[in-house]
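Okay, structure first, notes after.
Readers should treat all values here as calculations from the given coordinates under stated rules, not as data from a laboratory. Just so we're clear, the structure is a prediction, and the values are computed from it rather than from any experiment. So basically every Cβ, Gly included, is an ideal-geometry build from the backbone, and we count neighbours across all protein chains shown.
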Amino acid sequence: MDLAALVRSPRVLLALVALTVLWPAASASAQDGGGGSGAQAEEAGCAFTKAQAVEANGGPLGSAIWGRLCQVQDGKPTFPEGVAIVVRQGGDEVGRATTGADGVFVVALPGNGTYQVVLDPDTLPKGFALTDEDRATLDAVRVNLGDQQVTFRLGEDTRGKRDFSDYATTVAKGLRLGLILAVAAVGLSLVYGVTGLTNFAHAELVTFGAIVAYAINRAGVPFWITLPLAVAAGALAGTANDRLLWRPLRRRRMALLSMMVVSIGLSTALRNIFQIVFGPDGKRYTAASGQVERSFGPVRLTPNDLAIMGICVVVLVGMTLLLRRTRLGTAIRAVADNPDLASSSGIAVDRIITVVWALCGALAALGGILYGLSLNVKFDMGFLLLLSLFAAVVLGGLGNAYGAVLGAVVIGVVQETSGLLVDTAYKFVVALLVLILVLLVRPQGILGQRERFG
Amino acid sequence: MPADGPLADVAAEVGVAKPDPILVVDGVERRYGGLMAVDVEHLEVPRGVITALIGPNGAGKTTFFNLLCGFDRPDAGRWTFQGQEASGVKPHVLARRGMVRTFQLTKTLGRMTVLDNMLLAGKDQAGEAFWRALVPPTWRDQEAANLERAHDLLGRFKLDHLTDEYAAGLSGGQRKLLEMARALMAEPTLVMLDEPMAGVNPALTQSLLGHVTALRDEGMSVLFVEHDMDVIMTISDWVVCMAEGRVIAEGRPADIAGNDAVIEAYLGIDHGGTVTGEIR
Amino acid sequence: MSWLSIVALAIQTAIGFQGASYALAASGLNLQFGYTGLSNFGHVGFLLVGAYGMGISADRGWSIWAGFALGIGAAIVLGLLLGIPTLRLRGDYLAIVTIAAAEILRLVANARPSEPLTGGSRGIGGLSGRLGFFEPNFIPEGRYGLGDSLVFNSRQLWSMLWTWGLVLLVTLLIRALVRSPFGRVLRSIREDEDAAKALGKNVVVFKLQSFVLGGTIGALAGAFIALDSGAVTPSRWIAPLTFALYTVVILGGAGTVWGPVAGAVVYWFVLDAVDGVLNNLWFDVSDTTSGAVRLALMGIGLMALMVFRPQGILGNKKEMLAGAR
């Protein structure tokens, strides 16, 4: 089934429409979840980081409890001056500070420990008020690493009051994630189609692309030139995967289950080698900084978001055309359908498989780079995405490339929007539960055909 | 098969009724996308004889075969085995009822010995239940009886010198023999053989043919898929010919040999040579 | 530190609780993967429910037996829940669903809203004291062993006694099972499910039994890990632990009775020796890096084993070659 036919299929269309419309509606009726107010306050400029605190302090913080009082008024951040913050330990006062014109306070401490932090409400200037009067005293603030940020929430409680724009934006972000997943998952699905391999090391192809792009980018090459270079490196890595490992194993006629275990070994090895080489911390592309959200109708997105989604759509359409309209695509589909038959009708199966691996490597790398652009680059980013990728591929129907795209978009949107419905900690869980439910009801996936037997 | 057998008075017509059929099929259809792979209106498989299911490549023989054994589900239709409903029944249940099959590509269990392959097939084994497995006295006698039967069968199929070999170490022909012996171990009433002679050298073909006729002589019914005309003419009592998913002819081998529809089906499609659209 | 003491420490880990708990967990996996051919890539999920069974029981003031019952009960439920929808499908589905389920369990245990039950990211501590695991310990205080490095204290020996004892029990149970007609059916499913079906075996039921029993053994291993360490935290139950158990099973010899034991001992010996060497080089290696090096070596080792010695230490070369055809 091709994408055009898919979109025309009323059942699928209905399901998608229902999903996108009903999901936010359902979550609107259960809007006790946290996060809304904080997010809005941060957008209005209330977010405060340690770097800012150091700057405001005019030097290192040392052992301290610090923070900034901030209240959103008419959509703008305002900062109360002269508010007293008292720190006590075991009833004894150990430190005190008042906020400056910038709302910042830094209370020096005798060292690590557990403290009580009190804001004196009487010192709040006119127009400022605590969101919750009972939260003027914070008991048991733990300081383990020298300094600790504390937050007192000011202003009217906007929690849970999400407007349509919030929902639309969340769905758009889900779509962004879904499209990235789709780009990364198509290769996984194609490789499964032509070789039957469930490749756990696909995750590392994703990470590889992102890391290579990071290395080139940090060497001073502009990000948008880096991107095609890293994708080419990904294609090379995919080819190397097949030539150096999988093709020899296929020649040995290794069982698929054994190959799956080999791919786990490869994944574990590569991921840890990445950690040794790249370091354990997350890093950001130069192009990822300085992004400001802009409104497009009800949706708020950054220019990067738009670029990411644009690239994904172009690549996915390109892939569809490649598979449907070119000789190569026909050959790939023939091999996926029946390798023996393809071979006997003169298709060089091994060569096609290598091409598919190259494509898989390139797409995985692209997915990794774009995911890295939307968040950050880390040695295990692909591994963390792997389950979503598998979920996408199974949801769409194992080995069905179009199914993988559809599955990925569904998983991406469900994963992001479920944060509106349940605690964000359970976000990922919802996506996986959807997967298990689909397997129960329709094991062949959304687009898969009933299994044939020969 | 003597001419005065149970099928002597049966007319050579598609869907003809037979005395005491073992398998009765009605309106079975199986589609793949737009392709109708199997479309059998009515078919009765006679009891106690060897029935051959023939047809050119892509005729839907194997698909039909898989449907009957419960390994594939039809889009429509029903069938009975020994008078009992058999459509929608799981393959292992059908096997226990006596419908035991072999596979076109032999499915010997490679990392098990020839003897273990045989013992596995033993019917209604007490020791296969989880808790009883832990109490050997509850299944030891049955195991000993099965062991004896397995050795007998292996001797009959001339595999007794390979008893402790891993099945994967056997030659292609030996595997065919083992699979057939294993099917017998399961005490079938209807043996379903999917191309038992495929890829076997001529000498072994003769021996396999002997084993198949022996099954009939012991009172079992046999349904086998084959496309080698010589084989069919030699041993079958009844022949069912399929083309493009339908049964196009039925009859004794002599009736089929002169049937125009069969000849056309075989000549109309390139037979032999390359592998054509066999549905798998 | 001398090379001798590196070896001694490695032996201590291998025959100590680490080796024992891995041998136990791997025994369950061996039944599923080695004998039945089930690709359970979420084995760590079973260990997790076993461990949290203990943790939750301790938190509620219940007994150690309640802890075992809770863990085993949860493992059986989990096995049925995952097995029933997926065991009738192709093996890939089981692989993906199990690894996903294990991850779900960890994330749920880790999440803030689960704190009243699981203690969230901090987990539950002080288990062994509250459950009285070490109370019946009759081994007098002291140091037992050879030299300075290969020594165990009384608590360690107590843990080892129970865990190795259970390993022995489980191994004998599995030995009895796989040598029976039941085990023959399991192996036939591993070789070719369709052939087993064609011979009248209800393969889904057999697979489910193997899956649930293997998972229950995994839960027991998890329970003992919780008891021995006295705490249960979510960050411990991650996918690489499952992969390590696969390495153990394949190293020892998948589908062999004593494979998991041999695999676990050798695995920990090698891993700990590598660790000892890394910590004694002429330049400093950070803990994070040496951990990564260990895991990278494990991954390479797993690949090399599958490619060059799939029969492991105890497997039959001829049998394995038979499988390759």
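Ranked for footprinting exposure by Cβ neighbours inside 10 Å, fewest first, B:79, C:258 give C:258, B:79. Multiplying each eigenvalue of the alpha-carbon gyration tensor of segment A:164-441 by 5 and taking the square root yields semi-axes of 30, 22, 18 Å, largest first, rounded to whole angstroms.
Take the Cα of residue B:93, step 7 Å toward its Cβ, do the same at residue A:286, and the gap between the two points is 6.9 nm. With the convex hull constructed from alpha-carbon coordinates only, chain B shows a mean projected area of 15.6 nm² over all directions. From the alpha carbon centroid of segment B:114-130 to that of segment A:358-408 is 45 Å. When only Cα pairs below 8 angstrom with a gap of at least 6 residues are kept, segment C:194-291 shows a relative contact order of 11 percent. Express in % the proportion of alpha carbon pairs of segment A:148-248 at distances exceeding 24 Å. Tail of P(r) above 24 Å: 50 percent of Cα pairs. When the helices of the protein assembly as shown are scored as -39500 (n - 2.57) per DSSP H run of n ≥ 4 and the total is divided over every residue, the value at 222 nm lands at -17500 deg cm²/dmol. Helix A:427-441: angle to the longest alpha-carbon principal axis of chain A, degrees 0 to 90, nearest 10? On a 0 to 90 degree scale, this one is about 30.
Taken over segment B:111-169, the alpha-carbon convex hull comes to 82 cubic angstrom per residue.
Seen against the Cα atoms of chain B and their longest principal axis, helix B:140-156 is set at about 50 degrees.
With the alpha-carbon atoms of segment C:84-186 aligned to their principal axes, the span from lowest to highest coordinate is 54, 47, 26 Å, starting with the largest. Can you check what the Kirkwood hydrodynamic radius comes to for chain C, Cα pairs only, in Å to one decimal? About 20.3 Å for chain C.
Here the dipole of segment A:164-441 is about 620 debye; that uses its Cα centre as origin and unit charges on the Cβ of Lys and Arg (positive) and Asp and Glu (negative). In plain terms, if you count all Cα to Cα distances in the protein assembly as shown and split them into 10 Å steps from zero, the share in each step is 2, 9, 16, 20, 19, 15, 9, 5, 3, 1, 0, 0 percent. Taking only the Cα atoms of segment C:118-246, the ratio Rg/Rh comes out at 1.10, with Rh defined as the Kirkwood radius. Over all pairs of different C-alpha atoms in segment C:126-191, the reciprocal of the mean inverse distance, the Kirkwood hydrodynamic radius, equals 14.9 Å. Mean sequence separation of contacting Cα pairs (under 8 Å, at least six apart), scaled by the length of segment A:37-149, corresponds to a relative contact order of 27 percent.
Based on Cα atoms of segment A:37-149, Rg over Rh with Rh as the Kirkwood radius reads 0.95.
For peptide B:102-109, the mean count of partner chain Cβ atoms within 10 Å of a residue's Cβ comes to 4. Legend: ranking of residues C:46, A:383 from fewest to most surrounding C-beta atoms inside 10 Å; resulting order A:383, C:46. In segment A:392-443, the C-alpha radius of gyration followed by the widest Cα-Cα span (Dmax) gives 11.1, 33 angstrom. Ordering B:8, B:92, A:339 by Cα displacement along the dipole of the protein assembly as shown toward the positive end leaves A:339 in first place; charges were set at the Cβ atoms of Lys, Arg (+1) and Asp, Glu (-1).
Cross-linked pairs B:176/C:201; B:61/C:201; B:90/B:158; B:61/B:158: Cα-Cα separations exceed 27 Å for B:90/B:158; B:61/B:158. Computed from the alpha carbon atoms alone, the convex hull of segment C:1-54 holds 114 Å³ per residue. Only the Cβ atoms of Lys and Arg (+1) and of Asp and Glu (-1) were treated as charged; on that basis the dipole of the protein assembly as shown about its Cα centre amounts to roughly 1240 debye. Applying 1/(1 + (r/R0)^6) with r as the Cβ-Cβ distance of residue A:122 and residue A:423 and R0 = 56 angstrom yields a FRET efficiency of 0.95. Normalising the average separation of contacting C-alpha pairs (under 8 angstrom, six or more residues apart) by the number of residues puts the relative contact order of chain A at 21 percent. Inter-chain Cβ neighbour count for B:87-100, averaged per residue, equals 3 (cutoff 10 Å, partner chain atoms only). Between the residues A:215, A:296, A:113, the greatest Cα displacement towards the positive end of the dipole of chain A, with unit charges on the Cβ of Lys, Arg, Asp and Glu, is found for A:215. Only one residue of C:282, C:183, C:49 has its Cα farthest out toward the positive end of the dipole of chain C, where Lys and Arg carry +1 and Asp and Glu -1 on Cβ, and that residue is C:183. According to the Cα-based calculation, Rg over Rh for segment C:170-217 is 0.98, with Rh computed by the Kirkwood formula. In this rough spin-label picture, where each label sits 7 Å from Cα along the Cβ direction, the residue C:69-residue B:13 distance is 7.2 nm.
Remark: A:202, B:151 ranked as B:151, A:202, counting other beta-carbon atoms within 10 Å and listing the fewest first. Take the Cα of residue A:384, step 7 Å toward its Cβ, do the same at residue A:442, and the gap between the two points is 3.1 nm. Between the alpha-carbon centres of segment A:64-89 and segment C:115-151 there is a gap of 46 Å.
Shielding of peptide C:28-41 by partners, expressed as the average count of other chain Cβ atoms within 10 Å per residue Cβ, is 1. Counting only residues at least eight positions apart within a chain, or on another chain, the lysines with an alpha carbon under 17 Å from that of residue A:378 are A:283. Cα extents for segment A:300-355 along the principal axes, largest to smallest and rounded to whole angstrom: 54, 19, 14. Dividing the Cα radius of gyration of segment A:227-285 by 2.2 N^0.38 Å, with N the residue count, gives 1.39. Between the helical axis of A:10-28 and the longest alpha-carbon principal axis of chain A there is an angle of about 10 degrees. What you get for chain C, charging only the Cβ of Lys and Arg (+1) and of Asp and Glu (-1), is a dipole of about 940 debye around the Cα centre.
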